[in-house]
Amino acid sequence: NMIALHAFICVVSDTIRAKYSPGLHKSYTLFFIIGTYLATCVPPVGMNPFKSLEQLSAVFVFIVLQVQWLSERERLRQKVEILSKEGIAIKIRYFVYAALAVLGIIILLYPTGWFGPLSSRVRGLFLKHTRTGNPLVDSVAEHQPASADAYWQYLHVGYHGWMISLLIYPFILKRGKAVSFMLLYSIVAYYFCMKMARLLLLASPVASAGTGIVIGFFIDWFINQYYFKPSEDQLPAPEKKAVVKDVKKNRQAKEEVSISEYVEQSKTLYKQNRKGRQVAAIALTSILIGVGGPFVPIFASHSERLAYAFSNPKIVFKSQQNDGSVITVNDYLDSYNWLKANTPEDARVMAWWDYGYQITGIGNRTTIADGNTWNHEHIATLGKCLTSPVKEAHSLIRHLADYVLVWAGGRGDDLMKSPHMARIGNSVYRDICPNDPTCSHFGFYENNFQKPTPMMAKSLLYNLHSSDVIPGVRIDQRLFREVYKSRYGLVRIFQVMNVSMESKNWIANPENRVCDAPGSWYCPGQFPPAPEIQDMLSKRIDFAQLEDFNRKSKDTKYHAEYMKRMERH
């Protein structure tokens, strides 16, 4: 989209300046055709570049460039100027024909539901955090603006170099499309940083390039003062004196001089004053070295610390105890290693999707969901299993998993996330929180984990998390049996009792997999035919996003109530 946006702006800019760039047409056409073809070869992507609203901008720009190319061929054949009446008429005629053709295609495809909406993650970039209408997206903490401290931590002096580069670009505009791309990239990157903290990653390339441009600009300028003699210095002596005399005369007499004339005279005087420029170069360089020099070792040290911080495992950390001693906490790593060493290789582990990659990558066990689970309804099913009353949850989980893993202490444990789990589940299974889109009754009184609401107290997640920890809370051992608790209690693993082997074997049977092609890794799958599972699925409402124009009026009341209640948070 960034490349498409820049190409479109270049087209508009060239047209205004009565120019046409065949190179832009060739490069973007090749980029679009090859890039889109390769993207459609990836199963989860498929035809989305031609269906998803957030990706259609690239198609739009491709069409614009082809129509412009055809109109240019006609203009050249008629030998008329780009901005002449005839040239403009040709462009209008071709674009009207193209618009009518595109409109006809839209009219044919729209009733079929071909076009998809903006995803909630993308929509969230243009709305206030927690206001997208999708409880799964609203639950992600990174959907908030990057702070000033974040810019300094992740970009350091690169952030200031980036900002200074924006002041330098006007002096190097002759470099054309490269400079306009940097300006556009800067604007887009800064906007998205203000919408989502994690999108600071998008700003790092342009910040690095901008800082390099600033350094290079001053190095070039300094060298030019000593080793290259501009052609303006070769003016005849009388002409030089005349120019200088005119400038001084105008200043002394305070005559009225147009701004453009004054600027041109000042430029000429500046270019002729070689010795003055050399002195200025030395002075400015000395200032820059004096001010910026100390930042070099600081930047190097900061980068090294940040590299270590990013490369260190997030599941192993140090903590200071009450007596001041520092300990290494391996709870998460030890828990995943325990799974690998003490459970069957075909064991299935149910946990909130945040830990899916860790369970699979370290524990080498199948997880129900992870960060790449695109199916909203599947995440909602996971939320329903974890937030339902214990017996109801067991009747479902015994058909889907062999173990349940919960984060049970600090650092954003599952109880802190549980209201989001309930909201996500309720967006598909409305029986979780009837007539309550935000599940306001699923939580704690006074934010005290020992004072759960009745609904929370009945939930599986609360009982697994608090079993034998909070007085009066103990999980039914006939349904779930604790088989592992980490050293500091951050992770607890429970074995699901009375697992349905019939459902497990049915899921493991390759004949029951739904794949896009034989032997493909992309298999959305399907749930086992167990009565409890099918009864749950019969109540499922496929989640329709607010912006999904294919949903028509379905769920309008639910979404309106959800948005209304979220405004109070």
Tally of residues being of a type outside the set (Phe, Trp, Tyr) and open to solvent by less than 70 Å² (accessible area, probe 1.4 Å) across the range 75-95: 8
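Quick check on this structure: which one of SER311, SER335, SER303 is modelled with pLDDT of 65 or more, surrounded by 14 or more Cβ atoms within 10 Å (Cβ to Cβ) and either under 31 Å from the mean Cα position of the chain (by Cα) or of a type in the set (A, V, I, L, M, F, W, C) (or both)?
Being modelled with pLDDT of 65 or more, surrounded by 14 or more Cβ atoms within 10 Å (Cβ to Cβ) and either under 31 Å from the mean Cα position of the chain (by Cα) or of a type in the set (A, V, I, L, M, F, W, C) (or both) holds for just one of SER311, SER335, SER303, which is SER335.
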Subset of the range 18-57 that is in a helix (DSSP H, G or I) and in contact with a Leu (Cβ under 9 Å, 6 or more places away or on another chain) - its residue that is surrounded by the most Cβ atoms within 10 Å (Cβ to Cβ): TYR28
Hits in the range 360-394 (condition: surrounded by fewer than 20 Cβ atoms within 10 Å (Cβ to Cβ) and polar (S, T, N, Q)): THR360, ASN364, THR366, ASN372, THR373, ASN375
Any hit, the range 389-405, residues being at pLDDT below 90, within 30 Å of LYS539 (Cβ to Cβ) and touching a helix residue (DSSP H, G or I) at 6+ places or on another chain (Cβ under 7 Å): no
Failed criterion for LEU464 (all others in (1) more than 24 Å from SER538 (Cα to Cα); (2) open to solvent by less than 10 Å² (accessible area, probe 1.4 Å); (3) without any contact (Cβ under 8 Å) to a residue 40 or more places away in the chain hold): (3)
Test: residue in the range 60-71 that is touching a residue at least 40 places away in the same chain (Cβ under 8 Å), surrounded by fewer than 14 Cβ atoms within 10 Å (Cβ to Cβ) and either in a helix (DSSP H, G or I) or among the hydrophobic types (A, V, I, L, M, F, W, C) (or both): yes
Within the range 416-429, considering residues that are surrounded by fewer than 24 Cβ atoms within 10 Å (Cβ to Cβ) and closer than 12 Å to GLY383 by Cα, the one farthest from the chain's Cα centre (by Cα): TYR429
Number of the condition not met by ALA347 [criteria: (1) open to solvent by 40 Å² or more (accessible area, probe 1.4 Å); (2) over 31 Å from the mean Cα position of the chain (by Cα); (3) modelled with pLDDT of 85 or more]: (1)
Residue check for GLN66: closer than 30 Å to CYS515 by Cα and not hydrophobic (A, V, I, L, M, F, W, C): no
Pairs, first touching a residue at least 24 places away in the same chain (Cβ under 8 Å) and within 15 Å of GLN358 (Cβ to Cβ) in the range 321-336, second hydroxyl-bearing (Ser, Thr, Tyr) and crowded, with 17+ Cβ neighbours inside 10 Å, C-beta under 7 Å, six or more apart: ASP331/SER486; ASP334/SER486; SER335/TYR484; SER335/SER486
The range 502-514, subset of a type outside the set (Gly, Ala, Ser) and under 21 Å from GLU392 (Cβ atoms), residue most open to solvent (accessible area, probe 1.4 Å): GLU502
Qualifying residue in the range 264-287 (condition: small (Gly, Ala, Ser), modelled with pLDDT of 75 or more and either touching a Leu at 6+ places or on another chain (Cβ under 9 Å) or not in a helix (DSSP H, G or I) (or both)): no
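Pull up the range 473-488, narrow it to residues that are part of a loop (DSSP other than H, G, I, E, B) and open to solvent by 90 Å² or more (accessible area, probe 1.4 Å), then point me to the one that is nearest to ASN498 (Cα to Cα).
ARG478
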Within the range 504-517, considering residues that are part of a helix (DSSP H, G or I) and out of contact with any Phe, Trp or Tyr (no Cβ under 9 Å at 6 or more places or on another chain), the one farthest from VAL404 (Cα to Cα): GLU511
Conditions (1) out of contact with any Leu (no Cβ under 9 Å at 6 or more places or on another chain); (2) surrounded by fewer than 17 Cβ atoms within 10 Å (Cβ to Cβ); (3) at pLDDT 90 or above: number failed by MET455: (2)
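The values are calculated or read from the model by the stated rules, or taken from the named source; none is laboratory data. Everything numeric in this text was worked out from a predicted model, so none of it was measured. Don't worry about glycine lacking a Cβ; one is built from the backbone with ideal geometry, like all the others, and counts go over all protein chains shown. Each accessible area value is taken on the protein alone, full model and side chains, heavy atoms only, with ligands, DNA and RNA left out. Shrake-Rupley method; radii C 1.70, N 1.55, O 1.52, S 1.80 Å.
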